[in-house]
Amino acid sequence: MKFTLDWLKDHLDTTADAETISTALTAIGLEVESVEDQGKALRAFVVAHVVSAEPHPNSDHLKVCKVDAGTGTLIDVVCGAPNAVTNMKSVFAFPGTYIPGKDFTLKEGVAIRGQVSNGMLCSAAELELSNDHDGIIVLPDDAPIGVPYVDYAELNGVVFDISITPNRGDATGIYGVARDLAAYGLGTLSPVDGYMAPVASVGASPIAPLPQQFAPGEPKAIRKFAGRYIKGVKNGPSPEWLQRRLRAVGLRPINALADITNFVSLGWGRPLHAYDADKVAGTMVLRNARPGEKLDGLDNREHELDATMCVIADDQGPLCLGGILGGERSSCTDGTVNMFMECASWDPDEIARTGRKTGIVSDARYRLERSVDPALTEPALELATRLVIELCGGEPMEPAISGDDVFPNTIVEFPTSEVRRLTGLDLPEARIIELLTRLGFVAEGAGTTLQVKVPSWRPDVTQKADLVEEVMRMEGLDKVPVDPLPRLSGVAPRMLTTMQNRRRVAKRVLAARGLDEAVTWSFISEAEAKRFGGGAPELKLANAIAADLSDMRPSLLPGLLAAVRRNENRGFADLAIFEVGQVFLSDKPEGQHTYATAIRAGAAPKSWQGSAPLSVFDAKADLAAVFDALGHDIGKLQLVAESPAWAHPGRGGRVQLGPTNIIGWFGELHPAWAAELDLTGPVVAFELDLDAIPEPRKKPTKGKPALKLSDLMPVDRDFAFLVDRAVTADKLLRAARNADKALISGVEIFDLFEGKGVPEGQKSVAIRVTLQPTDKTLTDEDIEKVSTAIVGAVAKATGGTLRS
Amino acid sequence: MSLQDDIARLRTELTGAIAAATDEAGLDAVRVAALGKKGSVSALLATLGSMAPEDRKTAGPAINGLKNEISAAIDARGADLRGAALDARLAAERLDVTLPVKAAPTTEGRIHPISQVWDEITAIFSDMGFKIAEGPDIETDWYNFTALNFPEGHPAREMHDTFFLQPGPDGTKKVLRTHTSPVQIRSMLRANEKPAAGYLTGAVEPPIRIIAPGRTYRHDSDQTHTPMFHQVEGLVIDKESHIGQLRWVLEEFLKAFFEVPGVTLRFRPSFFPFTEPSMEVDVQCDRSGAEVKIGEGSDWLEILGCGMVHPNVLRNCGLDPDVYQGFAWGMGIDRLAMLKYGMNDLRAFFDADKRWLDHYGFKAFDMPTLFGGLSS
């Protein structure tokens, strides 16, 4: 909310300067977003006379102007504003001037479509005085040429912009801000009694109190509706002081009646609405909108209404969307003669709901959904009446009032020890009472517990903790002594769960293997989600930010592949990236799993030392490394040579712990999908479900079994088998290893060969078997015996024969 | 011919042959010809046996002298030849050691700054005795809003730009959590409803001291807002923790995190539905240069929100606010990373641009610990 220092001083008698006030506002929770000295920022802009405005020879919409800015020479300026005409007064910026609304500095002697332009005629938006882009500022004919515009328009004030939290409806008017500052000790609050006192009526209201037509159980936003008919007004531009006030805070003056409503809304936080009473057809009522009803709003848009929205309507339909937006049909114009002023109280929740539903952002909604002071409904109407009569003349009729305000009249049982309990700060009871009293709370009672009555403008205060906050705000949070949090134990206990630690380890292992960690969106496109078995309705966003970010991901691969694609577009086709992150297998908490997923794409780095091309075994090695680093025995992993759906059917596998517990997949990306993504090089990947790996049984640290070392030398023996191509290495190795479990300590494949010398359809697999004797040195006979057993076992399992 | 002559002749002959040997094989042939079983010097030695004792007295030392002399000369020559051969081999074996080696994988892989900062935060709070709690990204409206004291229809809900999932069979819409605060609820409920059952973390016994880092979502996108980002929540619940201790925890954390001797914090009253009193915290910093320097300067930078856990939140979790109390705070992990390491575009965090990851990422073994330093 914007307000000027001058305006604040209407309500606060203070000698504090802008900086002191700014610091205080922030300290009491009315955060200052900016403090601007308009006089300084806009001093370079001057009043100028547009001596002539001729059509631009090379453009339909531009004009070539001769401008007198008081320098003694006429300046050539090209102007695009439709309202630039000969012999007008406007605001001019010389070259070199910074234009705040455009965020640029004007250049000297630019040519616009062949015509020289030495400066700029400005709109209010360009000066950041309002959102008015509709044309250049039009000044009265008597505006003095060459004088700084800020001096002429008296825009030399300090403008504060504060942000108001949703609980502080009371601070949405400058009066409320002043009240808080006064309580903080920055001056004295000026009383409202004088200008809010009742204004005598001249007769009965031609508009009857508005009947509130709501069926039981219907949403009902209206609480109290106070209206006043004022007869015989003369509308038109409001006086300069009022226009200036509004302009300074970014509002466009409209006409006196409209300006009065804005003035009261900003000044006291009580939104009003002015109706042209002669445009009301029949009886004004309060009711919910009927199906199909629409409102032609003052925001120049048509709004569809529904039965949950309260409207002020006449015989022809809605005049106004209650508490949110006025309608065009009954709006006041310069020709308005009889007017009806509304000041109403509304249910903040209903206003918020309707506001959200319609998406209308208005000053009235902003205030009313935060709640306004119910004690001001009629006083604010009196104030508005007084202002109308002062500025537009006319005769007020009796107020027309229906419904009741809601006063919570909260009384909080407040043990003053709460302040110390929640903040750690020791404040004497007298001080606590003083601070609360200054804010308008009434503290009664003796002893350690007070009965604190909450003022009408603070419906947000309902319990003890709220009062502690009020005391803290006023005392100052910097007064709270810093106090160490005591340790709960000597050495901190373990912080991470097994799962959290798995994620940490998996990331570090993959980075150590040369992969970069990526973090990609949790949502992917529907097509990608479906490819991975996702796309269930409950995992679909109702309001996705983009069409390709619509579904919660069932896999990390689509995000990583998209990243590969982006990198390839930038010229980096060779990539190794991973992500350790959440996937969503259902919308339940237990459906959220953490996967470690990695992709290697493109060519392996070329080296003079030689390099192997990327293959599925790189992905398998990555998977194995993570599994091993998580403290699990790689030998326990079962490998099933069945590709996941995303992989080449002949180049992928699944890893399991036991017959049913699938923990991961690896493979080479299916060529059809690679082609779809237009990826040139080979792409290999693995996925490991960290949640599927069982937790180790909970045991305190246990010792490792004693290490048994043999004094006897191990012996190696090599065998080459000819087996059918389809025989898996796993099967062959398992057979060899199991030929003599006691003696054989290791089996390695050291050569694989197909081609010359090997029959068609077969392959040669060479293995090295390590024999580790434990009690005696092996004799040739012993070795012969085990070799026969190995050959026999392999033959039995695979049909393989020893290669001669 | 006298023995003397024989010795002199053999010496000349053998010395010449030794000098002429060009490799170890040639030298060995000389050795065999002289000192071998049938060698010339050995033959001469053999004549000693048949000599008269008188003659042997003079001939013995002379012949043995020759043998020793030739043997020494052969050894010397052998050493020379081996030296020369080694020199030749060394010269031949010279390699261009400036050739680049295959890069070790550890020089290539990088940890994302979010993970790094996550680990840094974990290290610091671990020392203060906190545990990590987690909750799901897909939340119910109750955990994300209602339990946290967001009244139905309250404008504060709207400030959250919530992502909704498609309504389920019962018509209720789940949400993507807009903050990590639902984990407060999950942790407290779990502490209260023993034994624990649920997601990821085990039972939290009071007193509760947890941090809850995680992914959060808001329907928002520009240079400093992305629809997905990361937050870390902190929660302390016991029977006495107050704002003074909250100040201490945050000051100590920020000092440790930014690795500066001191930070100055400004606590401003603010509003969050789930805390009362509520505060926003600004950290003093210097923004005059290209990068923000924490712990110096005269600017203020908003860094987190915090407060005493709202009595309604405690009630919603079955805790009596007259018995239990505590504080909570929340801050952006991505934002902390940007401040500490000088990135300025949040969107780049989620783009996986290799150049960005290589530049801003961390090495695998650059593991943040308190004993080794948060950043190396």
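Would you mind working out the magnitude of the charge dipole of segment A:289-340 relative to its Cα centre, with +1 at each Lys and Arg C-beta and -1 at each Asp and Glu C-beta, to the nearest 20 Debye? Present the calculation step by step, with values, prior to reporting the outcome.
Details: 4 positive and 10 negative charges, 18 e Å.
That gives segment A:289-340 a dipole magnitude of about 80 debye.
Give me A:40, A:507, A:702 sorted ascending by neighbouring Cβ count inside 10 Å, so fewest comes first.
Details: A:40 11, A:507 26, A:702 6.
Fewest-to-most ranking of A:40, A:507, A:702: A:702, A:40, A:507.
Mean residue ellipticity at 222 nm, helices only, chain A: -7500 deg cm²/dmol; runs of at least 4 DSSP H residues each add -39,500 (n - 2.57), and the sum is divided by the number of residues. Here the Karplus relation 6.51 cos²θ - 1.76 cosθ + 1.60, evaluated at θ = phi - 60°, turns the backbone of segment B:331-346 into coupling constants of 8, x, 5, 4, 5, 4, 4, 4, 5, 6, 10, x, 8, 10, 10, 5 Hz, with x for every Gly and Pro.
Taking DSSP loops as anything outside H, G, I, E and B, show the longest stretch in chain A free of GluC sites (Glu not before Pro) there with at most 12 other beta carbons within 10 Å.
Numbers: sites that count: A:108, A:642, A:760.
Longest run free of exposed loop sites: A:109-641.
Taking loop as defined by DSSP and a crowding limit of 12 other beta carbons within 10 Å, which trypsin sites (Lys or Arg not before Pro) in segment A:709-804 fit? Mind dumping the intermediate values first?
On the way: sites: A:717, A:725, A:731, A:734, A:737, A:741, A:756, A:763, A:768, A:776, A:785, A:796, A:803; in loops: A:725, A:741, A:756, A:776, A:803.
Sparse-neighbourhood loop trypsin sites (Lys or Arg not before Pro): A:725, A:741, A:756, A:776.
Extension gain, residue A:142 to residue A:776: 0.36 nm times the residue separation minus the Cα-Cα distance gives 216.3 nm. Spin-label pair residue A:641-residue A:161: with each label point 7 Å from Cα along the Cα-Cβ axis, the two points sit 6.8 nm from one another. On the beta carbon distance between residue A:304 and residue A:615, with R0 = 51 Å, the FRET formula returns roughly 0.25. Modelled label positions at residue A:213 and residue B:43, each set 7 Å beyond Cα in the direction of Cβ, lie 14.8 nm from each other.
Using DSSP to define loop residues, name the trypsin sites (Lys or Arg not before Pro) in segment B:34-110 whose beta-carbon has at most 15 other beta-carbon atoms within 10 Å. Show your work: numbers first, answer last.
Numbers: sites: B:37, B:38, B:56, B:57, B:67, B:77, B:82, B:89, B:94, B:102, B:110; in loops: B:37, B:38, B:94, B:102.
In loop regions of segment B:34-110 (DSSP not H, G, I, E or B), the sparsely surrounded trypsin sites (Lys or Arg not before Pro) are B:37, B:38, B:94, B:102.
Which links in A:636/A:708; A:9/A:279; A:702/B:340 stretch past 30 Å when you go from one Cα to the other? Please list the in-between numbers first.
Details: A:636/A:708 22 Å; A:9/A:279 38 Å; A:702/B:340 41 Å.
Long pairs (Cα-Cα over 30 Å): A:9/A:279; A:702/B:340.
Principal axis analysis of the Cα atoms in chain B yields extents of 133, 51, 44 Å, listed in decreasing size.
Simple rule: put +1 on each Lys or Arg Cβ and -1 on each Asp or Glu Cβ in chain A, find the dipole, and look at A:226, A:788, A:204; the Cα lying farthest toward the positive end is A:788.
For chain A, the longest principal axis of the C-alpha atoms and the axis of helix A:464-475 are separated by about 70°.
So, R0 is 41 Å and r is the distance between the beta-carbons of residue B:54 and residue B:28; what FRET efficiency does that work out to, to 0.05? Show your work: numbers first, answer last.
Values: r = 37 Å, r/R0 = 0.91.
Once the sixth-power term is evaluated, E becomes 0.65.
Computed from Cα positions, the angle between helix A:174-184 and the longest principal axis of chain A comes to roughly 70 degrees.
Measuring spread by the Cα atoms of segment A:353-511 yields a radius of gyration and Dmax of 25.7, 84 Å.
Excluding same-chain neighbours fewer than eight residues apart, the aspartates and glutamates reachable from residue A:231 by a Cα-Cα span under 12 Å are A:276, A:278, A:395, A:398.
For a Förster distance of 51 Å, can you work out the FRET efficiency between the beta-carbons of residue A:543 and residue A:66, rounded to the nearest 0.05? Display every interim value, and only then the final one.
Working: r = 54 Å, r/R0 = 1.06.
Calculated value: 0.40.
The stretch between residue A:58 and residue A:328 holds 93.3 nm of extra length on full extension. This uses 0.36 nm per residue minus the Cα-Cα distance. Counting only alpha carbon atoms, the long axis of helix A:498-512 and the longest principal axis of chain A meet at about 70°.
Please identify which residues in segment B:137-151 have an amide N closer than 16 Å to a label point set 7 Å out from the Cα of residue A:410, following the Cα→Cβ vector. Counting only backbone N, you get B:149-151. Spin-label pair residue A:357-residue A:677: with each label point 7 Å from Cα along the Cα-Cβ axis, the two points sit 4.6 nm from one another.
How do A:241, B:142, A:7 line up, fewest other C-beta atoms within 10 Å first?
Details: A:241 9, B:142 13, A:7 23.
Ordered by Cβ neighbours within 10 Å, fewest first: A:241, B:142, A:7.
At a Cα cut-off below 30 Å, give the lysines reachable from residue A:66, other chains included and same-chain residues fewer than 8 away excluded. Leaving aside lysines fewer than 8 places away in the same chain, those within reach of residue A:66 are A:40, A:89, A:102, A:107.
Mind sorting B:2, A:710, B:270, A:330 by how few other Cβ atoms lie within 10 Å of their own Cβ, fewest first? Let's see the in-between values first.
On the way: B:2 7, A:710 11, B:270 21, A:330 25.
Sorted ascending by nearby Cβ count, the order is B:2, A:710, B:270, A:330.
Using only DSSP helix segments of four residues or longer, with each worth -39500 (n - 2.57), what per-residue ellipticity at 222 nm results for chain B after dividing by its residue count and rounding to 500?
Details: 13 runs with 153 residues, N = 376.
Roughly -12500 deg cm²/dmol at 222 nm, from the helical runs in chain B.
Segment residue A:202..residue A:785, full-extension length gain: 197.3 nm, with 0.36 nm per residue of separation and the alpha-carbon distance subtracted.
Read the figures in this text as sums done on the coordinates, not as results from a lab. This one's a predicted model, so the numbers in the text were calculated from it and none came from an experiment. Positions of Cβ are generated from backbone atoms using ideal geometry, with glycine treated the same way; all protein chains shown enter the neighbour counts.
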